[in-house]
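Asks: A single structure is presented below for examination.
The values are calculated or read from the model by the stated rules, or taken from the named source; none is laboratory data. Small disclaimer: the values here were computed from a predicted structure and weren't measured. Quick reminder, even Gly has a Cβ in these numbers, built from the backbone with ideal geometry, and neighbours come from all protein chains shown.
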Amino acid sequence: MSSRVVWNGLAELREALRNLPADLTAEASHVVEGAANAAAADIKAGYPVRTGNLRDHVFVSHRDKGRFSAGAVVKNTAKHANIFEVGTQARHNSLGANRGSMPPGHVFVPAVIKRRRIMYEQLKALLERHGLKVSGDA
């Protein structure tokens, strides 16, 4: 006794699976770029307006690493950006006079965390729209 299995549409399935990474990468790139640009806008809005130096040095660079990846980097190139973000300890001069401390600004990191969480939800929805099963949360 012999058995036979016939697949109808196997060539179409193979073609769809071959094109899936490229389709997902193209859509994911838009999601990632949107999240990075939104994070940069939130960061700029959160900085104080004194001189505008912190705000003027926020940049987004979009990374194209090939057919299967999407990426973007949000960066502040101002020299004092890290000092503003994390603050400083109390400072004293050589005579012991207190020059004060700078409280942390907490603008950059919370904005990036918020936008990254939204981006993960959008990427999860993207994968589910393409018929993939996604488990877990970011």
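Asks: Considering only residues that are of a type in the set (Gly, Ala, Ser) and touching a His at 6+ places or on another chain (Cβ under 7 Å), look in the range 44-80 and name the one that is nearest to Lys114 (Cα to Cα).
Replies: Among those that are of a type in the set (Gly, Ala, Ser) and touching a His at 6+ places or on another chain (Cβ under 7 Å), it is Ala72.
Asks: Given the conditions (1) in contact with a strand residue (DSSP E or B) (Cβ under 9 Å, 6 or more places away or on another chain); (2) surrounded by 13 or more Cβ atoms within 10 Å (Cβ to Cβ); (3) not in a loop (DSSP other than H, G, I, E, B), which single one is not true for Ile83?
Replies: Result: Ile83 passes all but (1).
Asks: Among Ala38, Ala70, Ala81, which is the only one that is aliphatic (A, V, I, L, M) and either farther than 22 Å from Ala125 by Cα or out of contact with any helix residue (DSSP H, G or I) (no Cβ under 8 Å at 6 or more places or on another chain) (or both)?
Replies: None of the other options fit; the residue is Ala81.
Asks: Something else: Go through the range 25-71 and give me each residue that's of a type in the set (S, T, N, Q) and in a loop (DSSP other than H, G, I, E, B).
Replies: Of everything in the range 25-71, those that are of a type in the set (S, T, N, Q) and in a loop (DSSP other than H, G, I, E, B) turn out to be Thr51, Ser69.
Asks: Could you grab me the full set of residues in the range 38-47 that are more than 9 Å from the chain's Cα centre (by Cα) and in contact (Cβ under 8 Å) with a residue 12 or more places away in the chain?
Replies: Once the filter is applied, which keeps residues that are more than 9 Å from the chain's Cα centre (by Cα) and in contact (Cβ under 8 Å) with a residue 12 or more places away in the chain, the range 38-47 yields Ala38, Ala40, Asp42, Ile43, Lys44, Gly46, Tyr47.
Asks: Please state which of the following conditions Gly66 fails to meet, knowing it meets all the rest: (1) free of Cβ contacts under 8 Å to residues at least 40 places away in the same chain; (2) touching a Leu at 6+ places or on another chain (Cβ under 8 Å).
Replies: (2)
Asks: Let me ask another. How do the pairs read when you match residues in the range 111-123 that are basic (Lys, Arg) with residues anywhere that are assigned to a helix (DSSP H, G or I), using Cβ under 6 Å and keeping only pairs 6 or more apart or on different chains?
Replies: Arg115/Ala35; Arg115/Ala38; Arg115/Ala39
Asks: So, in the range 3-50, of the ones that are among the β-branched types (Val, Ile, Thr) and exposed (fewer than 10 other Cβ atoms within 10 Å of the Cβ), which residue ends up modelled with the highest pLDDT?
Replies: The qualifying residue modelled with the highest pLDDT is Val49.
Asks: To continue, here is another question. Out of everything in the range 86-109 that is loosely packed, with under 15 Cβ neighbours inside 10 Å and part of a helix (DSSP H, G or I), what residue ends up being modelled with the highest pLDDT?
Replies: The selected residue is Val109.
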